[in-house]
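Read through the structure below, which is laid out as structure tokens, and then see the notes.
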Amino acid sequence: MTTRRDFLSLGAVAAAGLTAGPNASAETTESVKSMKPPARPVIVTRVTGDQTVQEAYQMLLDGADTLDAAHHICLGRENDPRDHSVGLGGLPNEDGIVELDSCCMHGPSRRAGSVGGVRNIRNVCQLARKVYEHTSHVMMVGEGAEKFAVDLGFQRENLLTEDARKMWMLWKESNSQMDWWGPGMADPAWKDPYAGKPAPKPTIDLHGLSSLTPLNPGAVPRHPGEGWQPIIAARTQKLLAMAADLQIAPELRLAAVEQILWPTTGTIHVSALNTKGEISGATTTSGLAWKLSGRLGDSPIIGAGCYTDQDVGSAGATGSGEENIKVAGAHTIVELMRQGYTPKEAGLETLRRIVRNYDGDMNRIRYLDMEYYIVRRDGTYAGVSLWTTGPTGRPRQFVVHDGTCRVEPCACLLPGAAVEWPPF
Ligand code: ASP
């Protein structure tokens with residue numbers, strides 16, 4: 001019988017990487033070990049619409065810490081009240097309260113920090129770092145994390161902006177039956193609100209998935225351009241009238257209606273690598289719009305929303321947090337790169353695992369959305385996405401800066417558009 005003591009010492013051996021045989025694949029492959037850091041720093045992130053990526057890049061050129069550079073980009077989004085997926089102005093939970101999640105990993109010191117469900121504190125990316133800088137913990141949540149922030153000098157403030165409050169009211173009035181309460185899609189009792197007629201089998205290479213449950217393209221909007229215009233137009237008109245009634249400013253009404261039809265999934269992840277081979281990653285979000293109070297997604301989970309091991313690389317995520325937690329997405333990607341996968345292959349393989357978790361049932365998978373941002377220690381990078389476009393038909397893209405700052409299309413696993421859940 002294995003005693004607790006034997007078990008612990010076996011764990012220590014494994015943790016020290018001293019095991020052989022079946023565990024050998026956990027070792028960093030020689031090809032990855034022999035990689036040299038890039039000649040220029042590399043940053044990968046989502047499209048931010050501001051100058052912070054260029055500024056962060058300059059910080060790296062000037063010798064700044066990789067996590068400081070990553071956080072510079074996160075802070076830009078947290079401080080922008082027009083970004084409804086993060087920080088100040090983030091869309092609230094179903095009770096109208098903004099709850100923020102964030103985590104980070106500092107490659108050079110191999111430290112990690114995380115906060116979840118934090119109210120009233122806008123810069124949670126910095127708060128996550130303070131957890132490892134000032135405590136011997138890694139993760140703090142809720143009231144305790146808020147108190148910790150205030151003790152450290154962070155200002156308490158109301159994060160619910162007037163615009164976000166009115167959007168929440170619009171959601172409450174219009175969509176109250178389409179919420180995040182169960183049964184969820186992983187529940188056998190779940191019923192597809194758009195269940196319909198049989199449909200052709202999609203031709204998708206899922207490497208090892210024997211069959212996909214056929215999707216009925218006529219039963220659900222792939223995106224607003226495909227046969228659903230009349231329904232969406234009617235719904236939009238109704239919501240616009242309600243938005244006017246709620247005194248949402250005319251120029252914001254259409255954007256507010258879009259938040260109801262396709263609730264924001266946003267989040268920002270940044271991975272930053274310098275020429276010394278130091279890498280850090282950070283993720284920050286207000287999570288799913290209209291989520292249940294206390295719900296944590298993947299963004300504060302080290303290994304799901306963000307994972308960095310500078311022997312190998314760094315990855316982070318935006319999208320369906322629940323699905324990403326179940327495949328430990330960011331960690332899976334880094335481990336696959338450790339075994340020799342390229343960033344793109346590692347990202348696509350992790351997306352396949354999400355698809356596999358639903359046995360390839362496209363009637364459920366169409367409601368999922370997932371993007372990963374990935375950089376390997378040699379500077380090779382990728383942005384990968386479950387679908388080619390988001391629900392509004394916008395192509396999935398990411399930003400890379402490796403001397404030139406540019407937007408690139410994500411590599412996509414499935415052709416078509418995600419359909420946001422809850423549906424309208
Ligand atoms: N991943 C985030 C969460 O589940 C949301 C998002 O990225 O859109 O909280």
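Residues in segment 389-416 that are in contact with a Leu (Cβ under 7 Å, 6 or more places away or on another chain) and modelled with pLDDT under 90: 1 in all. Of everything listed in (1) surrounded by fewer than 24 Cβ atoms within 10 Å (Cβ to Cβ); (2) modelled with pLDDT of 95 or more; (3) within 9 Å of the ligand (Cβ to nearest atom), the single unmet condition for Asp298 is (1).
Candidates Leu127, Leu88: the one that is under 17 Å from Gln259 (Cα atoms) and more than 16 Å from the ligand (Cβ to nearest atom) is Leu88. Total residues in segment 386-413 satisfying the condition of being within 16 Å of the ligand (Cβ to nearest atom), without any contact (Cβ under 8 Å) to a residue 60 or more places away in the chain and surrounded by 18 or more Cβ atoms within 10 Å (Cβ to Cβ): the figure is 3. Applying the set (1) touching a residue at least 60 places away in the same chain (Cβ under 8 Å); (2) of a type in the set (Lys, Arg); (3) away from the ligand (no atom under 16 Å from the Cβ) to Lys291 leaves exactly one unmet item: (3).
Would you please list the contacts, defined by Cβ atoms under 6 Å and residues six or more apart or on different chains, that run from a residue in segment 77-106 that is closer than 27 Å to His331 by Cβ and of a type in the set (Lys, Arg) to a residue that is within 15 Å of the ligand (Cβ to nearest atom) and assigned to a loop (DSSP other than H, G, I, E, B)? Here the result reads Arg77/Asp83; Arg77/Val86, each pair linking segment 77-106 to a residue that is within 15 Å of the ligand (Cβ to nearest atom) and assigned to a loop (DSSP other than H, G, I, E, B). Going by the structure shown, is Arg111 more than 30 Å from Gln397 (Cβ to Cβ) and modelled with pLDDT of 95 or more? Considered against the rule, which asks whether it is more than 30 Å from Gln397 (Cβ to Cβ) and modelled with pLDDT of 95 or more, Arg111 comes out as yes.
Selection over segment 90-116 of residues that are surrounded by fewer than 24 Cβ atoms within 10 Å (Cβ to Cβ) and of a type outside the set (Ser, Thr, Tyr) gives a count of 9. Within segment 32-62, track down each residue that is touching a residue at least 24 places away in the same chain (Cβ under 8 Å), assigned to a loop (DSSP other than H, G, I, E, B) and under 19 Å from Lys276 (Cα atoms). Within segment 32-62, Met35, Lys36, Pro37, Pro38, Ala39, Arg40, Pro41 meet the criteria.
Filtering Ala282, Ala315, Ala304 for residues that are within 12 Å of the ligand (Cβ to nearest atom) and either farther than 16 Å from Ile43 by Cα or crowded, with 24+ Cβ neighbours inside 10 Å (or both) leaves a single hit, Ala304. Quick one: would you say Val419 is modelled with pLDDT of 95 or more and within 20 Å of Gly266 (Cβ to Cβ)? So Val419 fails the test. The criterion of being more than 16 Å from the ligand (Cβ to nearest atom), of a type outside the set (Lys, Arg), buried (at least 24 other Cβ atoms within 10 Å of the Cβ) and more than 27 Å from Val400 (Cβ to Cβ) does not hold for Ala272.
Would a scan of segment 125-144 turn up a residue that is in a loop (DSSP other than H, G, I, E, B) and either of a type in the set (Gly, Ala, Ser) or modelled with pLDDT under 95 (or both)? The answer is yes, given that some residue of segment 125-144 is in a loop (DSSP other than H, G, I, E, B) and either of a type in the set (Gly, Ala, Ser) or modelled with pLDDT under 95 (or both).
The values are calculated or read from the model by the stated rules, or taken from the named source; none is laboratory data. Because the structure is predicted, anything quoted here is derived from the model rather than measured. Here the Cβ is made from the backbone with ideal geometry for all residues, glycine too, and neighbour counts use every protein chain on show.
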